[in-house]
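The values are calculated or read from the model by the stated rules, or taken from the named source; none is laboratory data. It should be emphasised that the depicted structure is a prediction, and the values quoted were computed from it without experimental measurement. No Cβ is skipped: glycine too gets one built from the backbone with ideal geometry, and neighbour counts run over all protein chains shown. Side chains included, ligands, DNA and RNA excluded: accessible areas come from the protein's heavy atoms. Shrake-Rupley method; radii C 1.70, N 1.55, O 1.52, S 1.80 Å.
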Amino acid sequence: MKVVNQEKVKSYILRLIKDGRKGYVKATVEAFDISKSSVYNYVKQMETDGLIEKKDGAYVLKTRFFHYLFKNDGTLGEDSVYRQFIAQHIQFKKNVNSIWNYAFTEMMNNAIEHSEAKNISVGVFQNCLETCVLIKDDGIGIFKNIQRFMKENKNEIISLGQCVSLLFAGKFTTAKQYHTGEGIFFTSHIMDEFVIYSDDNFFTRNN
């Protein structure tokens, strides 16, 4: 009798469903040498457990969305936002939780202190395989902020594209009295995916 690691089978199926693989049943049968009925049983169990759901006749990962809106009125703190609202969605291993804590508070701090925004919103998209956090503000925009800083402090006029390039070095900041400029640099390296979008320009390490 063959012993199959059920968690590995489920994880395999979930990743195929995430990628939109239509032949996931056949692929799973071949990968683990199990019957079709066993695969269908796994699928039904994962549907019952709320990991997947049917949309337009096909299974997809069940994704939850949480949205929080904050007024940037001078009292907002990135640490308190993380503790009160975000930490409840980040329930992983201790080291992973620490990474999320660092990444979120660094980026939230940028929105609070540098964006000149009046409103900051945070969205959390989460399914059984992925967690994505989006921080959005109505401020000047990071690249325009850099552009303005270069003009006012160094008398240099640079394009928004050049502003994007400055972030890759890892030590650029418009507020040296408060930051080393390494927050974006480190965050972009420790997260699986990291993107900044502003004024039709992107900063990312994953093309």
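Of all residues in region 63-102, those being at pLDDT below 95 and either under 12 Å from Val133 (Cβ atoms) or open to solvent by less than 70 Å² (accessible area, probe 1.4 Å) (or both) number 0.
Got a number for residues in region 128-147 being open to solvent by 10 Å² or more (accessible area, probe 1.4 Å), part of a helix (DSSP H, G or I) and either hydrophobic (A, V, I, L, M, F, W, C) or out of contact with any helix residue (DSSP H, G or I) (no Cβ under 8 Å at 6 or more places or on another chain) (or both)? Please lay out each step first, then the result.
Our first condition is that a residue be open to solvent by 10 Å² or more (accessible area, probe 1.4 Å); within region 128-147, this holds for 128-142, 144-145, 147.
With the extra rule that they be part of a helix (DSSP H, G or I), the set shrinks to 142, 144-145, 147.
With either hydrophobic (A, V, I, L, M, F, W, C) or out of contact with any helix residue (DSSP H, G or I) (no Cβ under 8 Å at 6 or more places or on another chain) (or both) added as a condition, the list becomes 142.
Looking only at that region, the number is 1.
Might you check whether a residue that is outside any helix (DSSP H, G or I) and modelled with pLDDT under 90 occurs anywhere in region 181-200? Working first, answer last.
As a first pass, look at region 181-200 and keep what is outside any helix (DSSP H, G or I): 181-182, 191-200.
Filter once more, so that each one left must be modelled with pLDDT under 90: 181-182.
Yes; the residues of region 181-200 include at least one that is outside any helix (DSSP H, G or I) and modelled with pLDDT under 90.
Selection of helices (runs of 4 or more DSSP H) fully inside region 9-117 by the criterion of at least 3 residues being farther than 29 Å from Gly139 by Cα and not aromatic (Phe, Trp, Tyr) returns 24-32, 36-48, 94-114. Could you say whether any residue in region 143-160 is hydrophobic (A, V, I, L, M, F, W, C) and closer than 30 Å to Ile52 by Cβ? The answer is no, given that none of the residues of region 143-160 is hydrophobic (A, V, I, L, M, F, W, C) and closer than 30 Å to Ile52 by Cβ.
Looking only at residues that are open to solvent by less than 80 Å² (accessible area, probe 1.4 Å) and modelled with pLDDT under 95 in region 40-62, which one is farthest from the chain's Cα centre (by Cα)? Show your work before the answer.
Step one: of region 40-62, the residues open to solvent by less than 80 Å² (accessible area, probe 1.4 Å) are 42-43, 46-47, 50-53, 57-61.
Checking which are modelled with pLDDT under 95 leaves us with 57-58.
Working: Gly57: 28, Ala58: 25 Å.
Across region 40-62, the extreme among qualifying residues is Gly57.
Looking only at region 103-127, residues that are without any contact (Cβ under 8 Å) to a residue 60 or more places away in the chain and either exposed (fewer than 14 other Cβ atoms within 10 Å of the Cβ) or not aliphatic (A, V, I, L, M) (or both) come to 8 in all.
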